[in-house]
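The values are calculated or read from the model by the stated rules, or taken from the named source; none is laboratory data. Every value quoted in this text rests on a predicted model; they were computed, and no experiment measured them. Here the Cβ positions follow ideal geometry from the backbone for every residue, glycine too, while neighbour counts run over all protein chains shown.
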Amino acid sequence: MNPMTDGDGGVGNVPVGGPPRSGAKATPHEAHGAHGAARAPHHDGRPVLRVNGAAADPTALLLSPFDRGFTLADGLFETLRCYGGVPFRLERHLERLHAGAAALGLALPASLERTVAQAVDEARTSGLRDAVLRITVSRGAGAPGVAPPIDAEPTTVVAVHPLPRFAAALYTAGLTAHVATGRRNERAQTAGLKTLAYTDAVAALAEARRAGCDEAIFLDTADHVSEATASNVFLMRDGTLVTPPLSCGVLAGVTRAAVLELVAGTVLPHEESTATLGDLHQASEAFVTSSVREIVPLVQVAGRPIGDGTPGPVTRRLMAEYGELVFRECYGPGGGGARP
Ligand SMILES: Cc1ncc(COP(=O)(O)O)c(C=O)c1O
């Protein structure tokens, strides 16, 4: 029996105040009576609950239905990639998670790092080596309302998934992007935090798909290019590699930082600097960065090709150098990754 979906499984032991429908047990809601206002005399105080349409018992669920991650997106997450069973730059992701948790006043359990290490080990042992590791934390369950409960126990979920198969064309042909009608709010209290609230990104991506594009680019409220739905943006402007500064509401991407590291000290001029949509249209090339997809060429924005509409030479060079960086850190001495 699935406690998530089986109606009887959830509320069978709830004392009910009225006669059940024939052949069915009454739900607590039905026990409230036809008008719903008066409580049944021996109601035990448990809330009326249905999950996916079926009555359910909160204690039988994996996560509380009142988890604030679910009800309010009151939480944070990290997504990173494992190569040969080794997560790339896990420390940076954990640092970002801790910084976000401090900003939200969310106490992460001391055991989190150990749990992550266990999950990674289990995945590696079971042969799941090229993988996506997701760490999700929320403030935990709480009563209705926005005020953060003082005594909430954070919920943590650590999941390791097989790496999705990306079409080769993603890297050889690149992405086309739509400009989202919504904006990144660089002045939002949670700007730059990787909170669970991704509905803006979901809506922007759906809008992009309706427009026949692969991705969406957000501008900030001052009309600067900010970032894509789940990746940072880089562009070549007059021979300089430019990425929007964190003040444009962008997430401080771990991959973005790695790219800046790769170009530091090279002859390629680079800067964190604001850029307009016009700069993106006139760029000789552009790309987006994220932990799972790494560096992906961006070849078209709002129906206009960037450069000649194919992945440019700086993009291709950085893609190769990023691959070497990953190889060194994950498969090299100290990395310990199982070679493909
Ligand atoms: C909004 C946003 N920006 C940028 C990134 C890229 O960050 P990272 O390179 O750390 O994966 C992500 C990653 O998911 C993201 O969600």
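Could you check segment 82-120 and list, in sequence order, the residues that are touching a strand residue (DSSP E or B) at 6+ places or on another chain (Cβ under 6 Å), within 16 Å of the ligand (Cβ to nearest atom) and closer than 27 Å to residue 334 by Cα?
Within segment 82-120, 82, 87, 88, 93, 97, 116 meet the criteria.
Considering 246, 219, 205, 193, which residue is outside the structural domain of residue 124 (by TED's automatic domain parsing) and surrounded by 22 or more Cβ atoms within 10 Å (Cβ to Cβ)? So that I can check it myself, show each step before the final result.
Working: 246 fails: surrounded by 22 or more Cβ atoms within 10 Å (Cβ to Cβ); 205 fails: surrounded by 22 or more Cβ atoms within 10 Å (Cβ to Cβ); 193 fails: surrounded by 22 or more Cβ atoms within 10 Å (Cβ to Cβ).
After applying the criteria, what remains is 219.
Looking only at residues in segment 228-247 that are within 11 Å of the ligand (Cβ to nearest atom) and in contact (Cβ under 8 Å) with a residue 60 or more places away in the chain, which one is farthest from residue 78 (Cα to Cα)?
By that ranking, first place goes to 233.
Could you say whether any residue in segment 265-272 is assigned by TED's automatic domain parsing to the domain that holds residue 298, of a type outside the set (D, E, K, R), within 16 Å of the ligand (Cβ to nearest atom) and touching a residue at least 24 places away in the same chain (Cβ under 8 Å)? Lay out the reasoning, then the answer.
Kept after step one, since they are assigned by TED's automatic domain parsing to the domain that holds residue 298, are these residues of segment 265-272: 265-272.
From the residues that got through so far, the ones that are of a type outside the set (D, E, K, R) too are 265-270.
Now restrict to residues that are within 16 Å of the ligand (Cβ to nearest atom): none.
Looking for residues that are assigned by TED's automatic domain parsing to the domain that holds residue 298, of a type outside the set (D, E, K, R), within 16 Å of the ligand (Cβ to nearest atom) and touching a residue at least 24 places away in the same chain (Cβ under 8 Å), one finds none in segment 265-272, hence no.
Residue-wise test of (1) over 20 Å from the mean Cα position of the chain (by Cα); (2) surrounded by fewer than 23 Cβ atoms within 10 Å (Cβ to Cβ); (3) of a type in the set (S, T, N, Q); (4) more than 25 Å from residue 305 (Cα to Cα).
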position: 176; (1), (2), (3), (4): yes, yes, yes, no
position: 185; (1), (2), (3), (4): no, yes, yes, yes
position: 198; (1), (2), (3), (4): no, yes, no, yes
position: 201; (1), (2), (3), (4): no, yes, no, no
position: 209; (1), (2), (3), (4): no, yes, no, no
position: 215; (1), (2), (3), (4): no, no, no, no
position: 226; (1), (2), (3), (4): no, no, yes, no
position: 257; (1), (2), (3), (4): no, yes, no, yes
position: 268; (1), (2), (3), (4): yes, yes, no, no
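Mind checking which residues of segment 289-340 are modelled with pLDDT of 95 or more and on the phi > 0 side of the Ramachandran plot?
294, 302, 303, 307, 309
Mind counting the residues in segment 258-299 that are in contact with a His (Cβ under 6 Å, 6 or more places away or on another chain) and part of a helix (DSSP H, G or I)?
To start, the set of residues in segment 258-299 that are in contact with a His (Cβ under 6 Å, 6 or more places away or on another chain) comprises 263, 274.
Checking which are part of a helix (DSSP H, G or I) leaves us with 263.
The number of residues fulfilling the criteria is 1.
Could you tell me whether residue 146 is modelled with pLDDT of 90 or more and among the β-branched types (Val, Ile, Thr)?
Working: modelled with pLDDT of 90 or more: yes; among the β-branched types (Val, Ile, Thr): yes.
Judged against the criteria, residue 146 is a match.
Any idea how many residues of segment 149-173 are under 22 Å from the mean Cα position of the chain (by Cα) and in a loop (DSSP other than H, G, I, E, B)? Write out each step before concluding.
Filtering segment 149-173 for residues under 22 Å from the mean Cα position of the chain (by Cα) gives 153-167, 170-171.
Filter once more, keeping what is in a loop (DSSP other than H, G, I, E, B): 153-154, 163-167.
Going through segment 149-173 one residue at a time, the tally reaches 7.
Being β-branched (Val, Ile, Thr), modelled with pLDDT of 95 or more and assigned to a loop (DSSP other than H, G, I, E, B) is the requirement here; does residue 255 meet it? Can you show your working first?
Numbers: β-branched (Val, Ile, Thr): yes; modelled with pLDDT of 95 or more: yes; assigned to a loop (DSSP other than H, G, I, E, B): no.
It is false that residue 255 is β-branched (Val, Ile, Thr), modelled with pLDDT of 95 or more and assigned to a loop (DSSP other than H, G, I, E, B).
Name every residue in segment 242-252 that is assigned to a strand (DSSP E or B) and under 21 Å from the mean Cα position of the chain (by Cα), in order of residue number. Steps first, please.
Of all residues in segment 242-252, those assigned to a strand (DSSP E or B) come to 242-243.
Matches in segment 242-252: 243 only.
Looking at residue 339, is it away from the ligand (no atom under 16 Å from the Cβ) and surrounded by fewer than 16 Cβ atoms within 10 Å (Cβ to Cβ)? Spell out how you get there, then give the answer.
Working: away from the ligand (no atom under 16 Å from the Cβ): yes; surrounded by fewer than 16 Cβ atoms within 10 Å (Cβ to Cβ): yes.
Taking the combined requirement at face value, the residue satisfies it.
Assigned to a loop (DSSP other than H, G, I, E, B) and modelled with pLDDT under 95 - does that describe any residue in segment 119-127?
Yes, segment 119-127 contains at least one residue that is assigned to a loop (DSSP other than H, G, I, E, B) and modelled with pLDDT under 95.
Can you confirm whether segment 287-297 contains a residue that is surrounded by fewer than 16 Cβ atoms within 10 Å (Cβ to Cβ), within 29 Å of residue 195 (Cβ to Cβ) and not assigned by TED's automatic domain parsing to the domain that holds residue 87? First the steps, then the outcome.
Narrowing segment 287-297 to residues surrounded by fewer than 16 Cβ atoms within 10 Å (Cβ to Cβ): none.
No, every residue in segment 287-297 fails to be surrounded by fewer than 16 Cβ atoms within 10 Å (Cβ to Cβ), within 29 Å of residue 195 (Cβ to Cβ) and not assigned by TED's automatic domain parsing to the domain that holds residue 87.
I'd like to verify a number: residues in segment 180-227 that are within 13 Å of the ligand (Cβ to nearest atom) and acidic (Asp, Glu), how many?
5
To keep it simple, each residue is scored yes or no on (1) free of Cβ contacts under 8 Å to residues at least 24 places away in the same chain; (2) of a type in the set (Ser, Thr, Tyr).
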| residue | (1), (2) |
| --- | --- |
| 252 | no, no |
| 278 | yes, no |
| 284 | no, yes |
| 310 | no, yes |
| 331 | no, yes |
| 335 | no, no |
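Would you say residue 128 is surrounded by 13 or more Cβ atoms within 10 Å (Cβ to Cβ), out of contact with any Lys or Arg (no Cβ under 9 Å at 6 or more places or on another chain), under 30 Å from residue 222 (Cβ atoms) and of a type in the set (A, V, I, L, M, F, W, C)? Show your work before the answer.
Numbers: surrounded by 13 or more Cβ atoms within 10 Å (Cβ to Cβ): yes; out of contact with any Lys or Arg (no Cβ under 9 Å at 6 or more places or on another chain): yes; under 30 Å from residue 222 (Cβ atoms): no; of a type in the set (A, V, I, L, M, F, W, C): yes.
It is false that residue 128 is surrounded by 13 or more Cβ atoms within 10 Å (Cβ to Cβ), out of contact with any Lys or Arg (no Cβ under 9 Å at 6 or more places or on another chain), under 30 Å from residue 222 (Cβ atoms) and of a type in the set (A, V, I, L, M, F, W, C).
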